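Everything below concerns the one structure shown next.
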Protein chains: 2
Amino acid sequence: MSDTRLIGPVRIVGAGLLGTSIGLGLSAKGIDVILDDTSPANLTLAVDYGAGRLPVQGDSPQLIVVCVPPDVTGRVVASELAAFPDAIVTDVASVKVPPLAELTASGADVSRYIGSHPLAGRERGGAVAGRADLFLGRPWVIAGHDGISYRRGSAIDDLVLDLGAIPIEMSPEQHDSAVALVSHVPQLVASLLAGRLVGAPAASTALAGQGLRDTTRIASSEPELWVQILGANAASVVDVLRAYRDDLDGVIDALERPDAPGARRALAEVIAAGNAGVAAIPGKHGQDRRYSQLVVMVDDKPGEIARLLTEIGQAGVNMEDLRLEHSPGAQVGFAEISVLPEAEPRLVAELEARGWRIAEAGA
Amino acid sequence: MSDTRLIGPVRIVGAGLLGTSIGLGLSAKGIDVILDDTSPANLTLAVDYGAGRLPVQGDSPQLIVVCVPPDVTGRVVASELAAFPDAIVTDVASVKVPPLAELTASGADVSRYIGSHPLAGRERGGAVAGRADLFLGRPWVIAGHDGISYRRGSAIDDLVLDLGAIPIEMSPEQHDSAVALVSHVPQLVASLLAGRLVGAPAASTALAGQGLRDTTRIASSEPELWVQILGANAASVVDVLRAYRDDLDGVIDALERPDAPGARRALAEVIAAGNAGVAAIPGKHGQDRRYSQLVVMVDDKPGEIARLLTEIGQAGVNMEDLRLEHSPGAQVGFAEISVLPEAEPRLVAELEARGWRIAEAGA
């Protein structure tokens with residue numbers, strides 16, 4: 001097909017969620033995809049799913065994408081570099097310093113390797129969860145290094161763009177610090193908080209609101225994978241965690257003597273810094289706070305939400321975000337709708353005219 | 001009206017969000033509501049909104065609800081007890097030990113006082129945000145104590161039930177420990193995490209995903225109110241925070257020597273404890289994990305979500321939860337829909353038959 005940047009063949013090593021999804025995405029664009037996996041069962045499954053074909057003698061891939069767990073990524077990349085001396089090799093592990101360090105230390109030809117990392121997480125893995133469109137619109141970090149030329153590195157850009165993702169260039173060190181801050185530390189903070197709920201009286205957890213649910217949602221992640229990720233990025237994670245602990249110590253000090261001079265101010269500064277931090281997250285919930293929220297009360301019966309959203313559609317308003325919230329057993333739920341501020345007054349008027357109860361509106 | 005438990009009049013002191021909402025809810029049921037506030041402007045506004053009437057000489061309320069900030073609650077309750085010697089008095093502050101302790105210490109007649117706390121938070125306050133249905137289906141803690149008789153205390157139950165809330169009885173100490181765990185510590189944990197993002201490179205925060213957004217959402221809360229709440233519940237909050245810090249120290253130790261014996265196991269146990277903690281939260285995201293999720297891809301244009309939900313409604317399936325997620329600038333979003341597990345296969349089949357792309361399905 002004419003709309004691809006890559007020429008192919010592309011060899012994918014590791015037929016899990018990411019490998020299968022990359023294979024499905026490239027195959028759908030007509031690129032010749034070669035799949036390989038140490039597990040014959042995984043490999044057959046991914047081939048059956050249409051993610052690519054089995055390897056044959058004499059394959060000469062343009063690009064190799066290593067999609068194996070973080071702790072074996074360096075070793076597999078090294079063996080691919082050795083086995084295919086004309087290919088460019090990348091990997092998709094969620095840490096970027098350790099594979100490059102391991103390759104450099106082992107004397108591998110890193111002039112043909114650039115690590116990368118698609119930020120397209122899912123809660124479940126495996127070939128059966130693979131989707132051709134998994135990377136659509138997601139950031140995909142390309143962690144360049146001085147040992148590879150611009151021309152060779154461009155094959156990785158082509159891969160990212162052919163899969164519909166957004167290439168973001170940063171060094172391996174920048175990448176590992178960034179994911180420590182925005183992904184690995186949040187995971188630990190959420191897990192530690194949720195861990196405090198173990199053994200709590202049921203009457204206490206019965207008071208949980210949406211705030212606790214949101215703050216602990218990612219604490220349901222899989223331990224095996226996270227131990228690998230955290231172990232591989234330990235240094236960057238510890239840097240952030242130490243600063244976090246210092247801040248936490250300040251809060252504990254203030255709360256131990258809440259009436260001491262400066263204690264209230266210290267607490268206020270922590271909450272205010274949190275306000276500033278949320279505002280620093282780009283996108284719908286951050287930065288320019290460009291959306292207005294309104295909360296509409298919805299009876300808990302089939303078709304009510306659909307009717308609401310049909311009527312929003314009829315008003316010609318595009319929702320930017322939507323959340324439905326209801327308490328177990330309650331007869332009424334709340335739909336929190338985010339829209340552009342200029343659309344809000346009209347939408348409120350239209351919905352109220354149709355008999356909807358607006359529980360809350362405003363920026 | 002015949003469907004109320006309270007007889008009235010009910011006197012409400014403090015015409016902010018909660019006071020105005022209680023007044024609106026009771027007035028709507030035909031109960032005589034007397035409003036009072038130290039600010040004449042606030043008071044007039046709440047009366048204009050229909051939340052009640054101005055006080056007159058000779059008012060003899062059945063029940064008084066004190067809805068003022070936590071730091072003045074004890075003092076206002078004491079003056080109400082003295083001014084209205086036949087009335088039962090409650091308050092709605094988000095801490096329950098300090099007001100009772102202050103009243104007992106001051107020699108007030110606590111045989112006519114029980115504190116309470118409606119868990120019906122909103123991000124914005126003030127009379128203009130008041131809603132008659134604010135408490136519908138929400139938990140409302142009644143923090144009983146031995147100094148008040150069952151008969152007298154029942155007026156507070158009547159208040160809670162008349163407003164459509166769910167009464168939950170616990171001691172002031174149990175309440176303050178519970179909200180420290182499920183509300184105050186999560187607030188601090190989220191604020192401290194978000195605070196770490198201040199000054200981070202934009203390239204780092206550009207990698208933020210839904211996990212970070214969820215974990216830090218409540219960090220946008222108002223500092224002034226939180227300083228009061230945290231100061232008033234300092235002892236209970238510190239208890240939880242110290243245990244949290246101990247767990248955090250364990251993680252830091254493990255990450256400082258990730259290859260030391262036991263380090264990986266320590267990390268795995270933290271993540272696994274987080275899994276167990278999330279499962280301990282009752283309701284839609286917790287305990288029995290009774291819903292299946294499916295993720296449907298939706299083009300980012302008006303009417304698409306409405307069409308999706310109309311078609312879900314036509315399939316006769318009731319959504320239990322719904323979230324819409326899309327990356328800024330992406331042409332496609334994801335609707336995450338929770339349904340009862342038995343409804344999922346049919347819904348997937350119906351949606352796929354209508355051309356929707358299911359990005360993910362399963363429990």
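Within the set B:Asp246, B:Asp214, the sole residue that is at pLDDT below 95 and of a type in the set (Asp, Glu) turns out to be B:Asp214.
More than 14 Å from every other protein chain (Cβ to nearest Cβ), out of contact with any Pro (no Cβ under 7 Å at 6 or more places or on another chain) and of a type outside the set (Asp, Glu): does that describe B:Ser116? So B:Ser116 fails the test.
Scanning segment A:78-102 for residues that are more than 26 Å from the chain's Cα centre (by Cα), of a type in the set (A, V, I, L, M), surrounded by 15 or more Cβ atoms within 10 Å (Cβ to Cβ) and not in a loop (DSSP other than H, G, I, E, B) gives A:Ala78, A:Leu81.
If only residues of segment B:1-57 that are among the acidic types (Asp, Glu) and assigned to a loop (DSSP other than H, G, I, E, B) are counted, the one that is surrounded by the fewest Cβ atoms within 10 Å (Cβ to Cβ) is B:Asp3. Scanning segment B:42-88 for residues that are in contact with a strand residue (DSSP E or B) (Cβ under 9 Å, 6 or more places away or on another chain), within 21 Å of B:Gly30 (Cα to Cα) and of a type in the set (Asp, Glu) gives a single hit, B:Asp59. Filtered by the rule that a residue be closer than 19 Å to A:Gly333 by Cβ and assigned to a loop (DSSP other than H, G, I, E, B), segment A:302-321 gives A:Pro302, A:Gly303, A:Met319. Residue check: A:Glu360 meets all listed conditions (1) surrounded by 18 or more Cβ atoms within 10 Å (Cβ to Cβ); (2) within 23 Å of B:Leu18 (Cα to Cα); (3) at pLDDT below 80 but one, namely (1). The residue of segment B:202-226 that is farthest from A:Ala143 (Cα to Cα), among those that are touching a residue at least 40 places away in the same chain (Cβ under 8 Å) and within 7 Å of chain A (Cβ to nearest Cβ), is B:Ser221. Kindly indicate whether A:Ser60 is surrounded by fewer than 21 Cβ atoms within 10 Å (Cβ to Cβ), in a helix (DSSP H, G or I) and modelled with pLDDT of 95 or more. No; evaluated as a whole, the condition is false for this residue. Checking each residue in segment A:244-267 for being more than 17 Å from B:Leu241 (Cβ to Cβ) and either crowded, with 17+ Cβ neighbours inside 10 Å or at the interface with another protein chain (Cβ under 8 Å from one of its Cβ atoms) (or both) picks out only A:Asp259.
Within the set A:Ala155, A:Ala132, the sole residue that is within 14 Å of another protein chain (Cβ to nearest Cβ) and not acidic (Asp, Glu) turns out to be A:Ala132. Is at least one residue of segment B:189-201 in a helix (DSSP H, G or I) and more than 7 Å from chain A (Cβ to nearest Cβ)? Among the residues of segment B:189-201, not one is in a helix (DSSP H, G or I) and more than 7 Å from chain A (Cβ to nearest Cβ), which makes the answer no. Cβ-Cβ contacts under 8 Å between residues 6 or more apart (or on different chains), taken from a first residue in segment B:178-201 that is outside the structural domain of B:Leu119 (by TED's automatic domain parsing) to a second residue that is of a type in the set (Asp, Glu) and in a helix (DSSP H, G or I), are listed as B:Ala180/B:Asp239; B:Leu192/A:Asp247; B:Gly195/A:Asp247; B:Arg196/A:Asp247. Among the residues making up segment B:22-51, those that are at pLDDT 95 or above and either β-branched (Val, Ile, Thr) or touching a Pro at 6+ places or on another chain (Cβ under 7 Å) (or both) are B:Ile22, B:Ile31, B:Asp32, B:Val33, B:Ile34, B:Asp36, B:Thr38.
The values are calculated or read from the model by the stated rules, or taken from the named source; none is laboratory data. The structure displayed is predicted, hence computed values, not measured ones. Using ideal geometry, Cβ is built from the backbone for each residue, glycine included, and neighbour counts are taken over all protein chains shown.
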